[in-house]
Amino acid sequence: MSSNYELLISKINEFTQKFYLNKLLRGSIYTAALLLALYLVLFVLIYYTQPGTATKTALFFGYIALGLLAIVLLVISPALSYFKLGKNLSIEQASALIGDHFFNVKDKLLNTLQLKAMAEKSPGNSQLILAGIDQKISELKPIPFSSAIKLADNKKYIKYFLAPASLILLIAIIAPAILREGTSSFVQYNKEILPKAPFNFVLLNSGLRVAQGDDVKLQLKLTGDEIPQEVYVSDGTNTYKLEKESTTRFSYTFKNIQKSQKISFMAGGFNSAAFAIEVKPRPSILALTARLLYPAYLNKKPESIKNAGDLLLPEGTNVTWTMETQHSDQLTFTLGNKSQVLKAINNSFSYTGTIRENSTYRIVPRNNFVVSKDSLTHQLNVIKDEFPAISVTETPDSLSSKALYFSGKINDDHGFTSLKFKYSIREGDKIKSTVSSLVPFKNGRQDFAFFYFWDLKTIAVKPDQRMEYYFEVADNDGVNGPKTTKSEIKVFTPPSSQQVAEKINESSQVLKQKMGKAIKLAAQIEKESKKLGEILLDKKQLTYEDKKQVEQLLDKQKQLEEAVKEINSLNKKNTFEKEENNILKQELAEKQKQIDDLFNHVLDEKTKTLLEKLQRLMDQNNKDQTQNELSKMQLDNKSLKNELDRILELYKQLEFEQTLQQTTDRLKELAKAQKEQADKSLAKDAGLNELKNKQQQLSESFNDLKKEMKKLDEKNQQLERPNPFQNPEKETKDIEQQQKGAEVQLDKNDRKKAAEQQQKAADQMEQLALKMSEMQQESAEMENNLNAKELRQLLENLLKTSFDQEKVMLNLRRLNSNDSQYTSNVQQQRLIRDNMKTIGDSLFSLSKRVPQIETAVNEELQKINFNMDKGLENLGERNTAAANKNQQYAMTSINNLSLMLNEALDQLQKSKAGKGAGKGKKQSLGQLQKMQQQLNDNMQKAREQMQKGGNKGNVPKGAMSEEFAKMAQQQQMIREALQKINSEENKDGKGKLGNLNKTIEDMKATETELVNKLLEQETLNRQKEVLTKLLEAENADREQDEDAKRESKAGKDLPPSYRQMLEKFKTLQKSETEWLQKMPPSLNHYYKNKIAEYFKLLNSGQ
C-alpha cells in the first residue's frame, strides 16, 4: 500500500514539473514578444519625435524596468519553481488542476488524499482506511496525469514574437537609418541626438570649465556646404544671437557666469548638440589679518590689523598674516621674490615673515579646479632705523682759554644707547692717547639736548701736540646693532708760552689804553662840572641851556661808568688768563689780587645814586641842590680820576714784574732745551738735519726773548718811578754768538764743537736767568722797605695833624669871633690844610706803588681837603659853628685815614715777612674788637678817677677835657670803620654778621656822652654790650670766611662762565619743552619729524 501511494504522489509531482515547464516556455515567448514590440515602438518613436534627453532617459529606464519585470514574473519565477528552487504547487493544488482536466478522477483523487490524512491522524482505524486507499489508487493507476499538459500548444504563441521581430527586420532592410539612429538615440539616452544638419557646429573652445564670476567667450565655427547667416545660442531660458566674426566664425560672451549650465546652438533650423559650461567655485579671501610683533627695543605692544593691506612697518617687524578663505585648498603667498604654497587648516592659512626691506606681498588662493586670477598684491614700506643725528655748538669761555662749553642735540627715531665725548692727543701723525667720557642722557627719548663742559686744565698736553675731539652718539638699533654718528672733528692746539705771553701783553695794552681814555674822561667831567657849578652861582634858576649842559654831563658820567665797568671786566679776564696759565707766582699773585680789589671798588654805588638824584633835581628845577650835587660830582670824579691814575700805575708796575718773571721762566726753559740739544748733538743716532732745524728753532726763540727784554726795558721806562732794571744786552749778545757758532759747527758736521757751544749757551742762559731773578727779588725787597718807611712817616705826620686839628677846633670853640687869638688859630688852620695837602700828595704818590692802600684812602683825602677848604671859608666869615662842623668832618676823615694807613702798614709788613696779606676785612674786625676793648678799659679808668674826685657822672668844666676828647675821637673811628664793614660786607645789617645798626647807634650815643663829658655806669654797661656784639660779629665773620672757602673749593674747578652758560642752556630747553607740551600726542610721524627739524634749525641759529 505504501508503494501504491508513493506512485500516486510521483505521478502528481511529474504533473507539477511539466506544469511549470509549460509556464516557462510560454512566459519566455510573451517576454520576448513584449520586449521586441516595445523596442519597435520606442526606436521608431524616438527617431521621429526626437525627444529630449529627459524623455529618452524616462523611456529607456521604463523599458528596462518593464523588461526586467516581465523576465522576473514570466521567466525566472517559473524556472525557479521548475527546478524546485521557488514556491511550488501543493499536492492538493496539483490534484485540483488534474481533476479539472480529468473529470472522472477528480473526486477519487481528492478522496484518496483525504483518507491518507485520516489514517495518519487515526492509527487505530488505519487498516480499514488504508484498504480503501489502495482500492482507489488501483482505479487511478491507468490514468497518465502528465498528459494533461501539452507543451506543443505553446507554438500558437510564437506569432506574438514573430510579428514585432518581422517588423524590425523589415525596417532594418527597408530603412536601416530608422533602426540605427532610433536605436542609437534610444541607447544614448543621456545624449541629445539631433537631426543631421547640412553643416557642423564646431566649438573652438578648448574647455568650458570656468571659475565662478568669470566671463566665457564662446568661439563657434561652422563647417559644411551650406553655412547659415545667423547663429543663436540658448541656455535653456534665454536665446542670444552670436556675433559674426567671419563667414564661418561666430562668438558670444557670457558675462559674470555664476552657475553651471547647458547651452546649444541653433542655426538654419537645426540645433547643435548640448554643451555644458561647468562653473567651479572661485577661491576667495574673506578676511586678512596681520599681527605685528615689533622689535623689542621699540617698546611697542604687539598689534593686530584687520583687513590689512599696504603696511608701514619698522624695520625688523615680525608679521604673521592670517587669511580666512572660501573654496580654497591651497594658497600661494609671495613675499618679495620668495613664494611659498600654504595648506589650509579649516579654510584658514597662516604665514610669518620678518620684514627688513621695502617689498610687496602677493596672495593667490587656489583649489583643485581654479587658480584665482584676482590675487591680492600690497606694498610693504619699511621705516628704516635711521642713523642718529647730532648737532653741537661750541662756545669758548668768556674768560678762560682752557674751558669749552658744548651745547648740542641728539636725535634718533627710537632712542640711544650711549653718548660719548672723545678726544685724541696727537704728536705728528702718531696718536699718543685716546680718552672717552660718557655724557649722561635720558633714556626713552627720541631727542635730547645736552650740555657738556670740557676743562682743558686737567689734560697734560705739550705745545707740540694737538688734540682732536668730537662727540659720538650711538642709537639703540636692536635689529642691525647700534649705529654711531660723529660730530664734526675739531682740533685744539695748545698755545706756546710765547703765544700766551703775547696774548696777555696784547690784552694788557688794550686795558691800559682804555684806562687812559677813562682818566681823560673823568678829568673832563671834573672840569665841566666845576665850570657848570660856577655858572649856576649867579643864576636864580636853571635855564633850558643849563639843563642841556647837565644832561650832557650826565651822559658823559654814564659813559665813564660803562668804561670803568669794561675796564674791570677786561682786568678780570686778564687776571684769569694769568692764573690759568700759571704765570703769577705767589708774591705777584697777591699783588694782582690787591689790584683786582682796587678795580672792584673803583666805582662806588654812591655815584649811581648821585646821578639819579641829580637827574631828579634837574627835573624839579632845583638850582641850589643841583649846584651842590654838581660839586659832589666834581669831587667824585676827581677821586675816580686819581684812583684810575693810581691803578694804572700799579698795573704797569705789576705788568713789568710779571713780564720780568715770565721772561726769567722762559729763559730757564730755553736753557733746559738748549742743554738737551747739546746732549742730542753728541748722540750718534741723531740726524744732522734734525739737529740743525732744532738749533735754528732755539736760536729764533732766544731772539724773540731778546726782543721781549727790550720791550720790558721800554715798559720800565714808562713808569713814573722806574725799577733798577737794565737790559742785559752784553749777556744776550754772548748767548747769540754761542748759538750761531753751534749752527756753524753743525753745518761743518762737527758735532762735538757744536755741543760745546750749545752747552756754553745753556750755561749762560741759566746764569742770566739767575741774575734777573735775584735782581727782581732785591728790587722788590728794596721797594717794600722804602714803601713801609714812607708809609710809617706819613702815618706819624697824619696823627700829628689830627692832634693839631683837634687842638685848633677846641680853641676856636672856646674863643669869641672878635678875640685877638681867633686870627692866629685861623692861620694855624691854614697851616694844617697846607700840611694836609702835602701829606695827601705824598700819600697819593705812595699809593701808586703800594696796592695795600685801599681805594677809600683817596676818597678820605678828598673829603679832608674839601672840609678844610669849607672850614676856612666859614672862618673867614667868622661862622665858627659851621667851621667847627667842617673841622669835625675833617677830623673824622683824618681818623679814618689813619686807621686805613695803619692797616695798610700792617699788611705791608706781613707781606715782607712772607705771610701774605689780603685779609683786610677779617683783620679790621679783629682790630676793631681790640680797639673797643682798649677804649672800654680807658673809660673804666676814667670812671674810677671821677669817683675818687667825688664826681658821680659829670666832669667839672676844664677837667679831663683832653682825655674825654680822645676817647670820643677813638669811638668815632671805631664806629665809622664798623659802618663801612656793615655797608660793604654785611649788606647794611642783612648779612651773616648780624644786625650791627643798633651797635652803631650805641656807639653814637657814647660819642655824644663823651663829648658832653658824661660817663655813668649805664654808659659802661652799654660799652660792654657793644664789645659783645663785636665779638659775635667777629665769630660770624670767621664762619662766613670758612663757608666762602668751602664754596670756593667746591667751585674752584668751574670756570667763571660755567653757571651763566648752564642757565642759558636751561632757559633754551625750558622754551623748547613748553613748545613740545603744546604738541598734540596724536600727531603722526611726519609732523613730529617736522617739529624736530624746526627746533634743530632754531638751535643752530642761537
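Odds and ends about this structure:
- Whole-Hz ³J(HN,Hα) from phi, Karplus 6.51 cos²θ - 1.76 cosθ + 1.60, for the range 491-497, glycine and proline x: 10, 10, 10, x, x, 6, 4
- Mean projection area, nm², convex hull over Cα of the range 743-839: 9.3
- Amide H contacts under 5 Å for Thr360: Gly336, Leu380, restricted to partners 5 or more places along the chain or on a different chain, H placed in the peptide plane at 1.01 Å from N.
- Cα gyration tensor shape for the range 741-795, rounded if a/c is under 1.5, else prolate or oblate: prolate
- Alpha-carbon radius of gyration plus Dmax, which is the widest Cα pair, for the range 193-256 in Å: 12.6, 38
- Averaging Cα coordinates gives a centre for the range 834-888 and one for the range 412-447; these two points are 65 Å apart.
- Residues Glu676 and Arg445, FRET efficiency given R0 of 45 Å [Cβ-Cβ distance, rounded to 0.05]: 0.25
- Per-peptide packing, taken as the mean over residues of other Cβ atoms within 10 Å, places 35-44, 882-891 in the sequence 882-891, 35-44 from highest down.
- The peptide list 440-451, 699-710, put in order of mean Cβ contacts within 10 Å with the highest first, becomes 699-710, 440-451.
- Packing-based ranking of 762-770, 409-417, 207-215 yields 409-417, 762-770, 207-215, ordered from highest to lowest mean Cβ neighbour count within 10 Å.
- Spatially, the range 37-87 and the range 1000-1041 are offset by 154 Å when compared through their Cα centroids.
- Put in line by how crowded their Cβ is, counting other Cβ atoms within 10 Å and starting with the fewest, Glu1018, Glu860, Glu386 read Glu1018, Glu386, Glu860.
- Net charge over other residues, Cβ less than 11 angstrom from the Cβ of Ile227 (K, R count +1; D, E count -1): 0
- Computed extension gain for Ala172 through Glu714, at 0.36 nm per residue and net of the alpha carbon distance, reaches 179.6 nm.
- Computed from the C-beta positions of Gln726 and Arg792 and an R0 of 35 Å, the FRET efficiency is 0.70 to the nearest 0.05.
- Applying 0.36 nm per residue to the separation of Lys300 and Lys740 and subtracting their alpha-carbon distance, the gain on full extension is 150.7 nm.
- Inverse mean reciprocal Cα-Cα distance (Kirkwood Rh) of the range 334-413, Å: 18.0
- Overall shape: prolate for the range 207-350, with the ratio a/c of the largest to smallest alpha carbon gyration tensor axis at 1.5 or above and a/b above b/c.
- Taking other C-beta atoms within 10 angstrom as a stand-in for reagent exposure, Arg249, Arg751, Arg830 fall in the order Arg830, Arg249, Arg751, fewest first.
Values in this text are rule-based calculations from the coordinates and carry no lab data. If you're wondering where the values come from, they're calculated on a predicted model, not measured in any experiment. Please note: Cβ atoms are built from the backbone with ideal geometry, for glycine as well, and neighbour counts cover all protein chains shown.
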